[in-house]
Amino acid sequence: MAEFLKRGRDAAARADDQAKVRATVEGILADIEARGDAAVRELSVKFDGWDREDFRLSDAEIEACLAQLTARDLDDIRFAQTQVRNFAQRQRESMVDIEVETLPGVVLGHKNIPVNSVGCYVPGGKYPLLASAHMSVITAKVAGVKRIITCAPPYQGKPAPAIVAAQHLAGADEIYCLGGIQAVGAMALGTASIAPVDMLVGPGNAFVAEAKRQLYGRVGIDLFAGPTETLVIADESVDAEMCATDLLGQAEHGANSPAILLTNSLKLAQETMAEVERLLAILPTGETAAKAWADYGEVIVCDSYEEMVAEADRIASEHVQVMTVDPDYFLRNMTNYGALFLGPRTNVAYGDKVIGTNHTLPTLKSARYTGGLWVGKFLKTCTYQRVLTDEASAMIGEYCSRLCMLEGFAGHAEQANVRVRRYGGRNVPYASAAE
């Protein structure tokens, strides 16, 4: 049976936090819908201390941001974007349009049609998370989206040069320096200065995630991507330093970022807890990571790999770092996760920043029913049909008419009957089942 050596805040306390977030977001979105740009501007001043007449960056401002970066910086951004683009292109190639003749004269098919417009949120108020631009903009571009706009908050009182560069190099059509609920709300609802989009994508804090949840239906969303989560699955094939580093490397995202160690070794569990405390004392982001570890950190000791899989699927973490003798066991058997990082040679930071898989991943247990952002999220798989012969139409019509009458849908049945009469020469009475 799984044993908890450490638990985070209880579920009731977390639920109370979420209720407060919901109420805040609901009020702000209503204000944006009612007052448009005026509300967006006031909210930007209130939350980010940032005000300007037009939040869209000009070409000159974009070029000025690029000029602040070194050649190495730009080359590194391009390298990461190439990896993301390459993988997204492979994913796109795996999705093919189909057309098949399922019965003589009956042709069915589907097309993969890109969404027309997408709003990409790039978090960056606390850290300039330029990698989120790669993940959303490039993936949408590969899918064929016609209009891609981006919003990122100001960083230290101005547009973050690295984020702006990443958005521009990725191919964003419109770049706005705007953050938080006001950015997500403006993109989804539209204002006088920002035309609305059909879909919202990108990670963010709890408020951004809740805004996307409340806007879902009015626009599409990629997934519920809230505060970063990480799960480290380890046995004694690795040491405590590796485990603690991978836990805190994600806990530094924010004070509400869960970091969980799942192991079959009591020794490793105890040594990792001690190593976490040592690293927190020297990590530059230790204050944030310490809060996350105190409130959301957990250490769970299991008896076997099978029990570890069961616990991991229950947790359904966004990131799962697997460092065991047989990491492929977890690849074969786990079903609930955002992304797997198999073996000690890779880690979540590789996926977050550069290796090519997408870092926008499901949180809050939504990995039970969805995967992360990928090129397919930007495509609508839309079906079509055609019937080539009179004989095929009449044959399908007879089945359809009888099935419609089983449901009591006389009008549906007549849609079939009129074709049986026209194309099959059968004298089917109005709104009755075919003989």
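The values are calculated or read from the model by the stated rules, or taken from the named source; none is laboratory data. For clarity, every value in this text was computed on a predicted model and none was experimentally measured. Cβ sites come from the backbone with ideal geometry, for glycine too, and all protein chains shown count toward neighbours. These accessible areas exclude ligands, DNA and RNA; they are computed on the full protein's heavy atoms, side chains included. Shrake-Rupley method; radii C 1.70, N 1.55, O 1.52, S 1.80 Å.
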message = Given the condition at pLDDT 95 or above, part of a strand (DSSP E or B) and within 24 Å of residue 124 (Cβ to Cβ), answer yes or no: does some residue in region 224-241 qualify?
response = yes
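Every residue, every condition in (1) more than 28 Å from the chain's Cα centre (by Cα); (2) more than 30 Å from residue 169 (Cβ to Cβ); (3) not in a loop (DSSP other than H, G, I, E, B), yes or no:
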position	(1), (2), (3)
9	no, yes, no
28	no, yes, yes
33	no, yes, yes
39	no, yes, yes
44	no, no, yes
66	no, no, yes
note = Condition set more than 21 Å from residue 111 (Cα to Cα) and among the hydrophobic types (A, V, I, L, M, F, W, C), scope region 68-94, selection most open to solvent (accessible area, probe 1.4 Å): answer is 79
ask   = Got a sec? Which of 238, 219, 232 is out of contact with any helix residue (DSSP H, G or I) (no Cβ under 7 Å at 6 or more places or on another chain), farther than 27 Å from residue 62 by Cα, in contact (Cβ under 8 Å) with a residue 12 or more places away in the chain and among the hydrophobic types (A, V, I, L, M, F, W, C)?
value = 238
Selection status of residue 373, in contact with a strand residue (DSSP E or B) (Cβ under 9 Å, 6 or more places away or on another chain) and open to solvent by 30 Å² or more (accessible area, probe 1.4 Å) = no
inquiry  = Any residue in region 142-159 that is under 13 Å from residue 198 (Cα atoms) and touching a residue at least 12 places away in the same chain (Cβ under 8 Å) sitting within a Cβ distance under 6 Å of a residue that is small (Gly, Ala, Ser) and in a strand (DSSP E or B)? List the pairs, counting only those 6 or more apart or interchain.
reply    = 147/117; 149/119
ask   = How many residues does region 118-157 hold that are part of a strand (DSSP E or B) and open to solvent by less than 10 Å² (accessible area, probe 1.4 Å)?
value = 8
note = Of the residues in region 94-113 that are in a strand (DSSP E or B) and not β-branched (Val, Ile, Thr), the one that is farthest from residue 381 (Cα to Cα) is 103
